[in-house]
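Structure, as structure tokens:
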Amino acid sequence: MTLRQQLALLVLLSLALPVIGWHSVREIEAALRESETRAQVAVARALARSVEAEVSWSSVNALRLYVNRVAHPMSVDGFDDDWRPWLGSAQEFESGLGRLTLDLSLASDGRRIFGLAEVTSAAGTDARDQLVLVLADGQTIRVRRGTPENAEIDLAAAEDVGAALAAAWARVDATTYRVEFSVPRLLVGDGLGVVAESHAVAVAAMGPERAGTTRDGAAIQVPMVHRSLQWSRRLDELAPPGARLWLLDDQGWVLGAGGRLSAAADLGTSGWARRIYEWIIDDIPRETAWRDPNADLRLDSKAIALALRGQLGVALAAPEAAGTVLARVAVPLRSGGRIAGVMLYETATEELLLATNRAFAGTVLASAAAVVLLALGLLWFAGRLSLRIRRLRDATEAIGDAERPRLPGSGDGDEIGDLARSFEKLLHELGVYNRYLQSLSGRLAHELGTPLAVVRSSLDNLQHESLQPEAARYADRARSGAERLRSILQAMSEAQRLEQAVAQVDRERFDLCDVIRGCFEGYRAVAPDFSWKLELVLDRFPVAGSPELIAQALDKLVDNARSFTPPGGLIRLSLEPKGQGAVVRVANDGPQLPEELGGRLFDSMVSVREGREGFHLGLGLHIVRLIVRAHGGKTTARNRSDGQGAEFSLWFPRKE
């Protein structure tokens with residue numbers, strides 16, 4: 001992993017700052033939410049005590065019918081179109097055996113009572129099925145199926161009562177029918193009874209099965225409960241700004257409602273801020289928002305359920321599409337030691353939204369600025385650090401035989417400066433050692449020449465003496481060793497002279513392609529036992545130097561290739577462009593280069609011809625490198641990618 005990649009990883013880790021800030025904002029929001037909830041509970045308790053003292057409760061925990069207020073008379077036609085806003089709040093009654101159900105909705109415009117009764121019988125409908133209405137003074141009205149346009153009304157009351165009644169019967173399906181009726185408010189009084197009778201599920205000994213306002217199987221009149229305009233006005237007066245109050249009876253029916261929740265648009269919060277806040281409050285349960293005080297008939301929630309059991313109900317809800325949090329506090333109201341109703345205090349906690357947005361905006365901006373600055377700083381540092389390292393690497397690779405090499409950054413006081421100074425010291429010591437090795441062959445050839453001449457002359461004189469066979473054999477072996485030592489010294493002297501010649505060569509401009517073509521023709525003529533191949537990608541490549549030395553370098557490479565290539569094997573010479581110059585390659589079939597030698601093949605007195613015939617000092621490739629360096633080039637050696645031999649490369653810069 002490069003330095004840039006490592007620092008990029010550190011930048012990614014720095015993204016933990018916004019995450020930490022996010023959790024901090026959520027904790028701030030939770031603390032604010034808890035503090036405001038406690039304040040709202042105190043307000044709700046105070047308002048509940050005031051309401052509890054003013055309400056005159058009656059019929060606590062008794063059966064009653066809820067009547068909704070409407071502004072206009074309902075159409076009595078047997079259809080439920082006018083009732084759709086309140087169908088979800090219909091009161092449900094069930095017979096004792098559970099085979100007959102009655103869903104009842106009532107409404108009043110102040111002068112008449114309208115009703116919609118939907119009766120379902122498990123055994124289906126019967127022509128004798130009827131709906132019984134119990135009016136004031138025990139008067140009863142029986143409504144049963146009549147003509148398709150209307151219903152049959154059977155009166156057990158005065159004839160003038162019947163003229164004021166209206167009813168319609170409609171079949172819903174095989175087990176359900178619907179009855180819509182209208183009764184003058186004066187005939188009803190303070191109570192009403194509605195009972196469905198089914199003869200299809202009748203028990204012979206008990207008569208028809210009944211569901212509705214019954215006691216001991218008989219239809220009775222029960223009190224009616226409706227929303228009080230007076231209480232709605234009173235709750236409007238009591239409700240604090242931005243809050244809404246609900247007064248419920250002990251069954252959850254709304255007796256009054258007042259106040260108004262703060263609209264989200266009033267706070268001027270932008271859309272993105274509201275969405276961020278919705279992410280923050282994601283842990284709050286989502287609930288369907290109640291519509292408005294004039295539409296809801298019956299309320300039900302966990303907070304209300306707790307209050308109806310005599311406990312304080314506190315809940316937070318995030319209504320769908322509301323974009324904020326609603327705090328709901330339900331306080332139980334008592335009458336005579338019993339739970340008579342509930343006062344529900346509801347408010348939108350928009351202040352939390354504003355405070356949280358301010359905290360979140362500050363956290364986001366600070367975190368984003370910190371991350372950006374950290375990223376830019378780390379990237380700048382990584383770029384500068386990698387640039388210094390690359391310069392040091394390039395300078396180290398391009399270092400020559402300078403007496404005191406100077407590397408970039410060696411004057412700096414940091415760790416890279418220490419590394420550059422250490423490299424300078426190491427390169428200086430290596431240069432001194434290499435120069436010693438380069439002069440070693442000449443010194444040995446000079447120093448050993450005279451003693452060797454003495455040994456050879458002595459052996460020559462000894463040859464003329466009469467020696468025992470055993471002594472003569474030892475003398476021949478000594479003469480052979482001396483001859484071999486003379487060859488070594490001669491080769492070392494030639495290498496030294498060649499090094500001096502390379503350093504003092506007269507330079508001229510010539511075409512490298514012509515030199516390669518001429519040498520190739522000579523190699524192919526001299527060694528026909530091998531397969532030869534020439535590949536020149538360039539037609540012309542100018543070089544400044546000595547063509548004779550280049551030819552000598554090629555001779556040594558080709559001689560090295562011939563010594564390792566089996567008879568009939570391929571030796572290939574090629575020239576192709578590379579970078580700002582061109583590379584000459586000599587590849588041959590045969591064994592691969594030893595891995596342990598690495599880049600030491602072009603060093604002085606290094607050879608891989610162990611066990612082969614002939615004598616080799618390992619100076620040939622060293623001389624090749626000297627010649628190539630004198631022309632500003634580089635030498636490399638590697639195994640062929642197909643594993644069938646080795647390849648030596650000479651790179652030369654272009655000289656126009």
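The values are calculated or read from the model by the stated rules, or taken from the named source; none is laboratory data. Nothing here was measured: the structure is a model prediction, and the numbers come from that model. Positions of Cβ are generated from backbone atoms using ideal geometry, with glycine treated the same way; all protein chains shown enter the neighbour counts. Ligands, DNA and RNA are stripped out before the accessible areas are found, and what is left, the full protein with its side chains, is counted by its heavy atoms. Shrake-Rupley method; radii C 1.70, N 1.55, O 1.52, S 1.80 Å.
Data overview
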item	result
Selection within the stretch 297-314 - surrounded by 19 or more Cβ atoms within 10 Å (Cβ to Cβ) and either modelled with pLDDT under 70 or assigned to a strand (DSSP E or B) (or both)	Gly313, Val314
Test: residue in the stretch 527-540 that is touching a residue at least 60 places away in the same chain (Cβ under 8 Å), assigned to a loop (DSSP other than H, G, I, E, B) and either basic (Lys, Arg) or in contact with a strand residue (DSSP E or B) (Cβ under 6 Å, 6 or more places away or on another chain) (or both)	no
Selected residue (only one of Glu521, Glu576 is more than 30 Å from Tyr433 (Cα to Cα), at pLDDT 90 or above and assigned to a helix (DSSP H, G or I))	Glu521
Total residues in the stretch 338-371, condition β-branched (Val, Ile, Thr), modelled with pLDDT under 70 and either closer than 30 Å to Trp253 by Cα or part of a strand (DSSP E or B) (or both)	1
Tally, over the stretch 83-113, of residues that are without any contact (Cβ under 8 Å) to a residue 40 or more places away in the chain and not in a loop (DSSP other than H, G, I, E, B)	8
Residues of the stretch 486-518 classified as of a type in the set (A, V, I, L, M, F, W, C) and modelled with pLDDT under 80, total	10
In the stretch 225-243, residue farthest from the chain's Cα centre (by Cα) [restricted to those that are surrounded by fewer than 16 Cβ atoms within 10 Å (Cβ to Cβ) and farther than 18 Å from Ala340 by Cβ]	Leu229
Matching residues in the stretch 547-600 - criterion: being of a type in the set (Gly, Ala, Ser), under 55 Å from the mean Cα position of the chain (by Cα) and either over 15 Å from Ser649 (Cα atoms) or open to solvent by 60 Å² or more (accessible area, probe 1.4 Å) (or both)	Gly579, Gly590, Gly599
Selection count where residues are modelled with pLDDT under 90 and either open to solvent by less than 60 Å² (accessible area, probe 1.4 Å) or among the hydroxyl-bearing types (Ser, Thr, Tyr) (or both), scope the stretch 86-104	6
Residues of the stretch 525-536 classified as within 19 Å of Asp511 (Cβ to Cβ) and exposed (fewer than 13 other Cβ atoms within 10 Å of the Cβ), total	1
Candidate set: the stretch 604-647, residues that are at pLDDT below 80 and open to solvent by 50 Å² or more (accessible area, probe 1.4 Å); chosen: the one farthest from Arg524 (Cα to Cα)	Met605
Residue in the stretch 445-460 that is part of a helix (DSSP H, G or I), acidic (Asp, Glu) and at pLDDT 80 or above present	no
Residue within the stretch 114-132 that is in contact with a helix residue (DSSP H, G or I) (Cβ under 6 Å, 6 or more places away or on another chain), in a strand (DSSP E or B) and touching a residue at least 40 places away in the same chain (Cβ under 8 Å) present	yes
Of all residues making up the stretch 141-157, the number that are at pLDDT 85 or above and either part of a helix (DSSP H, G or I) or surrounded by fewer than 19 Cβ atoms within 10 Å (Cβ to Cβ) (or both)	1
